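The values are calculated or read from the model by the stated rules, or taken from the named source; none is laboratory data. Note that the structure is predicted; figures quoted are calculated from it, not measured. Cβ atoms come from the backbone with ideal geometry, glycine included; neighbour counts cover every protein chain shown. Surface accessibility is based on the protein's heavy atoms, side chains included, excluding ligands, DNA and RNA. Shrake-Rupley method; radii C 1.70, N 1.55, O 1.52, S 1.80 Å.
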Amino acid sequence: MVVLAASIVSKSGKVLVSRQFVDMSRIRIEGLLAAFPKLIGSGKQHTYVETENVRYVYQPIEALYLLLVTNKQSNILEDLDTLRLLSKLVPEYSFSLDEEGICKNAFELIFAFDEVIALGHKENVTVAQVKQYCEMESHEEKLHKLVMQSKINDTKDVMKRKASEIDKSKIEKNRGDKGGFGPLQSMGSGRIESSFSDLSISSNGAGFGSGSGFGLNSDVDSFSTKPKARPPASTSGPPKGLGMKLGKSQRTNQFLESLKAEGEVIHEDVQPKLGQSRSAATLLTDPITLTVEERINVALKRDGGVSNFDVQGTLSLQILNQEDGNIQVQVQTGENQAISFKTHPNMNKELFANESILGLKDPSRPFPTGQASDAAGVGLLKWRMQSTDESMVPLTINCWPSTSGNETYVSIEYEASSTFDLQNVVISVPLPALREAPSVKQIDGEWRYDSRNSILEWSVLLIDNSNRSGSMEFVVPQADSSAFFPISVRFTATETFSDLKVINIIPLKGGNPPKFSQRTQLITENYQVV
């Protein structure tokens, strides 16, 4: 028995994975695999087919073929036993038995094939043994990782202690330096005032006194106000080269640009850091951010109809400041009766059911807080909707391949529901292996050909009332109609099926409701025409 190669090919003849176990040229293996689809007869129950030189032993796996290429002297019973073992291994390493899943796990499959077949001969192994061999767990490696993680944790602890010591030393130093220089002592404004006092430069914002040499705006003026009354800026004339009054609405960058224009040398390493930190603070998101996100999974039948339609949504809360944590969130749900809502276990279910208010069971406990970079937030509510009604689908795709002579003409049409305005729509159509890009005859939008993955991408920036339907037509060499499926779709939208809205934030400690923002998005997770 000599197995020349183990391969996984599509029914159209596209090679997804192939592992050769004897020396052979690439041209020969490509020729053998290319000839395989032409040798399979329709309606035959055999699992092998022979040519003059080789034998093909194969087994269908959904829309694919698992194929062994052997010489004719090989024992076909052993070949069938090898094929059965490989057919059990493929689902273990590729959960989705389609082209995308096989290509994604190609190397894992090749490693598993190598454990079953060595130099063309089958090894006496089982599925469990192959999985154990491929995992390659090492006790020494685990021990090494534990030691390294322990060292990393120790280093982090030392870093925290050092940082704490540095902060304490800074606090003690600031306490020791306190004198009669005013509230801006920690920024060194007292030393600046004393060093420039004999130059008769104004200390109320016209020159470089009272910390204004740092280029600070009116926020700093409020800190540098002294108990005694100060003369107005016009009482002391500014020195040469500094004849610009820094008013309450003057910006830092305008002040620096004016000084540069007058020939002054500006040290950029002092002012920009303070300016950037202030601008970053003003550009932070609102104190409270609520995100409504729905993920849609759809499987449309190529001949019409829906085989799977599933929408899962979440409402998450993000609070930046701890003082805003004692709140309740009042929401308004849409009129879609097919949606079932579920609150977080820590939420007061009766309060939500009766008043549509999301609050903790213990009102004295605040919600967790986090920084603006925390993308997840705190989950408050989730919901789900399932249906087989095709009218609920936001975007349907119709694909019509037709063969004429040595060419296949493919017409694709989309129809969008009037419920949603779809953004960044990309329709990905798989193609048979081509030597050059397909010939696109007509298209509503733009197209791009991914030659590496043999995919034609049709993109539409926005689908609204002006273009609820569109079409594309292209031509490729003769191919089977199944080669153009599954078609994948991805898009985003700012409307959701639930139509959930946050209408109010209720502070439990009294006072004005804190400012909040709401983000709403519908995104595709797995949207295909199969």
- Going by the structure shown, is residue 466 out of contact with any Ser or Thr (no Cβ under 8 Å at 6 or more places or on another chain) and among the hydroxyl-bearing types (Ser, Thr, Tyr)? yes
- Quick one: residue 420 ticks every box in (1) in a loop (DSSP other than H, G, I, E, B); (2) within 18 Å of residue 484 (Cβ to Cβ) bar one, so which box is it? (2)
- Subset of segment 305-332, residues over 27 Å from the mean Cα position of the chain (by Cα), touching a residue at least 40 places away in the same chain (Cβ under 8 Å) and open to solvent by 40 Å² or more (accessible area, probe 1.4 Å), comes to 322, 330, 332
- Quick check, is residue 427 closer than 24 Å to residue 391 by Cβ and either touching a Lys or Arg at 6+ places or on another chain (Cβ under 6 Å) or in contact (Cβ under 8 Å) with a residue 12 or more places away in the chain (or both)? yes
- Taking segment 3-23 and keeping only residues that are surrounded by fewer than 16 Cβ atoms within 10 Å (Cβ to Cβ) and farther than 17 Å from residue 110 by Cα, one is left with 11
- Task: Collect the residues in segment 99-132 that are within 25 Å of residue 431 (Cβ to Cβ) and either part of a helix (DSSP H, G or I) or modelled with pLDDT under 85 (or both), keeping them in residue-number order.
- Result: 99, 100, 101, 102, 103, 104, 106, 107, 109, 110
- Message: Please count how many residues of segment 466-519 are in contact with an Asp or Glu (Cβ under 7 Å, 6 or more places away or on another chain), at pLDDT 90 or above, assigned to a strand (DSSP E or B) and of a type in the set (S, T, N, Q).
- Response: 2
- Task: Could you please let me know if residue 441 is over 29 Å from the mean Cα position of the chain (by Cα), among the charged types (D, E, K, R) and in a strand (DSSP E or B)?
- Result: yes
- Message: Checking the conditions here, which among 504, 512 is without any contact (Cβ under 8 Å) to a residue 24 or more places away in the chain and out of contact with any Cys (no Cβ under 7 Å at 6 or more places or on another chain)?
- Response: 512
- For residue 473, state whether it is acidic (Asp, Glu) and under 24 Å from residue 526 (Cβ atoms). no
- Within segment 49-71, restricting to residues that are of a type outside the set (A, V, I, L, M) and closer than 22 Å to residue 480 by Cβ, the one that is least open to solvent (accessible area, probe 1.4 Å) is 56
- From the list 494, 408, which residue is open to solvent by 40 Å² or more (accessible area, probe 1.4 Å), among the hydroxyl-bearing types (Ser, Thr, Tyr), out of contact with any Phe, Trp or Tyr (no Cβ under 6 Å at 6 or more places or on another chain) and touching a residue at least 60 places away in the same chain (Cβ under 8 Å)? 494
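Residues checked against (1) surrounded by fewer than 16 Cβ atoms within 10 Å (Cβ to Cβ); (2) part of a helix (DSSP H, G or I); (3) out of contact with any strand residue (DSSP E or B) (no Cβ under 6 Å at 6 or more places or on another chain); (4) β-branched (Val, Ile, Thr):
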residue: 32; (1), (2), (3), (4): no, yes, no, no
residue: 73; (1), (2), (3), (4): yes, no, yes, no
residue: 83; (1), (2), (3), (4): no, yes, no, no
residue: 90; (1), (2), (3), (4): no, yes, yes, yes
